[in-house]
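*Asks:* Handing you this structure, nothing more for now.
Derivation of every value follows stated rules applied to the coordinates shown; laboratory data play no part. Nothing here was measured: the structure is a model prediction, and the numbers come from that model. Here the Cβ is made from the backbone with ideal geometry for all residues, glycine too, and neighbour counts use every protein chain on show.
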Amino acid sequence: MFYSALSPHRLLLFGFISITAVSSLLLTLPVASASGNSQPFFDALFTATSAISTTGLTIVDLGSFYSLFGQIVILTLIQIGGLGYMIFIVLVISGLGIRLSMSGKLILQESLNSPPYEEVLRFSKMVIFFTFTFEFVGAVVLSLYWMKEFSVKHAIYVGIFHSVSAFCTAGFSLFPDNLCAYRDSIVVNVTIGVLCTGGSIGFIVIYDVYYTIFGKPKEGEPPKRLLAHTKLVLIMLPILLIFGIVLVCASEWSTPLPSWKDRLLTSAFQAISASTTTGFNTLDTGAMKTMGLTTMIILMYIGASPGGTGGGVKTTTFGLSISSIFTVISLNDELVLFGRHISSKTKDKAFVICIIAILLIMLDVLILSVAENASFMEVVFETVSAFGTVGLSAGITSALSLTGKIVLSATMLIGRVGPLAIGYSIRGKCKLVPIRYPEGVVLVG
């Protein structure tokens, strides 16, 4: 009876909560800290939630506070959170030669935002292949770069950690100032930027582009074309990046950096970090001007693309909402994108996700405004960063109260699992009612 009451969404949420709870206990162990002292449970819970949700908000300096054991626990959580824990279950099941059940395929489909379950196993293998390919290449490049500064062993470890953190859009760094010391490094900026974009663009887009180019259609089938989803992602991504780079650059132009090249490089990195919900920074975020912080808030709210490692309401959700607005204003009966009709159900989901996100952010801001000694902009920035699983901070994370830690931990988990999935988990299984009510009249606008 207990198992039958668990829908795929509830099982997915239960899995994330279970992993977070166990890893929180591991981080409280004395062996997890460099000093040998136990970390308070709620501090460990905050860090574990931040890692499993690939957010990157930290109360302590990761590189100096945690021991190698603690850092490996966090790195493992980042990898699990980025791919989704169901991927690792599939790896074990496939290795044992066991077929995945129908319910298992449904849970995996929800975990990955993947195609229909007929293709979910092939899709999962592709996800694993591309993830480890990106992370391996990134780790090699970063390790070679840092060998000029550290020992070979430490450079390899730092390279692997930052490569995984970047591709999984976690933004955790082993350096006390994140990546501020490398703001003028082309190698670090480009490598991290490519990894962030690769993780955030969505495995569905990578899957679709790959099979459109290299896949062979079956006999009698027309050549495969890109999905409307892929086209929308590939349009929204450059628009948001250009928007972010221009506004952040204009806002921070007076920042005391050596040259215009450094200003442009730093602005581009911050825009990529916010829009991919990664959370690495090469600028002191707390010292940014209001225009720059507002731009970052917008990018963090929109976030990455579905089916990837990033958070936010997602680029396609925002794109559909904007397109729906123009459709209504134009008095059109239906939304058409790239020659394809978009269903009313999909449009409704897009609006619901955007509205739930705004309501959750408003509730968090209201609570944190009372619980924290911080400005309104700092509270809003921290809240949106937590919901978008970004990890950028205006500087108040380390001083959060117990209330603030609990509220933001819940927000990070909601942001990772998805507000709509949380709603489905609470609502349970859908019950169809064979009744059609007469239409009611409600005035709006």
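*Asks:* Calculate the tail of P(r) for segment 301-396: the fraction of all Cα-Cα distances greater than 17 Å, expressed in %. Spell out each step's value before the answer.
*Replies:* Working: 2609 of 4560 pairs.
Of all Cα-Cα pairs in segment 301-396, 57 percent lie more than 17 Å apart.
*Asks:* Here's another thing I want to ask about it. Amide H neighbours of residue 310 under 5 Å, counting only residues 5+ apart in sequence or on other chains, H built in-plane at 1.01 Å?
*Replies:* Under 5 Å from the amide H of residue 310: 305.
*Asks:* Please report 321, 64, 163 as a ranked list, fewest other C-beta atoms within 10 angstrom at the top and most at the bottom. List each step's numbers first, then the result.
*Replies:* On the way: 321 16, 64 11, 163 23.
Ranked by crowding around the Cβ, least crowded first: 64, 321, 163.
*Asks:* A follow-up question, please. Quick check: Cα centre of segment 147-191 to Cα centre of segment 304-332, how many Å?
*Replies:* Taking the Cα centre of segment 304-332 as reference, the centre of segment 147-191 is 33 Å away.
*Asks:* Okay, next question. Give the order of 162, 154, 341, 229 when sorted by the count of other beta carbons within 10 angstrom, beginning with the fewest. It would help to have the intermediate numbers written out before the result.
*Replies:* Values: 162 27, 154 14, 341 11, 229 20.
Listing 162, 154, 341, 229 from fewest to most nearby Cβ atoms yields 341, 154, 229, 162.
*Asks:* Then there's this: Which of 261/347; 345/405; 148/261; 224/261; 125/314 have a Cα-Cα distance over 31 Å? Could the numbers behind the result be given before it?
*Replies:* Details: 261/347 41 Å; 345/405 35 Å; 148/261 23 Å; 224/261 41 Å; 125/314 24 Å.
From the list (261/347; 345/405; 148/261; 224/261; 125/314), the Cα-Cα distance tops 31 Å for 261/347; 345/405; 224/261.
*Asks:* Determine, for 392, 299, the number of other Cβ atoms within 10 Å of each Cβ, and report the residues in order from fewest to most. Working shown, then result.
*Replies:* Details: 392 32, 299 28.
Ascending Cβ contact count within 10 Å gives the list 299, 392.
*Asks:* Could you give the distance between the Cα centres of segment 375-424 and segment 21-58, to the whole Å?
*Replies:* Computed from Cα coordinates, the inter-centre distance equals 17 Å.
*Asks:* What is the extension gain from residue 254 to residue 435, computed as 0.36 nm multiplied by their sequence separation minus the C-alpha to C-alpha distance, in nm to one decimal? Mind dumping the intermediate values first?
*Replies:* Numbers: separation 181, 0.36 × 181 = 65.16 nm, distance 6.31 nm.
My answer for the length gained is 58.8 nm.
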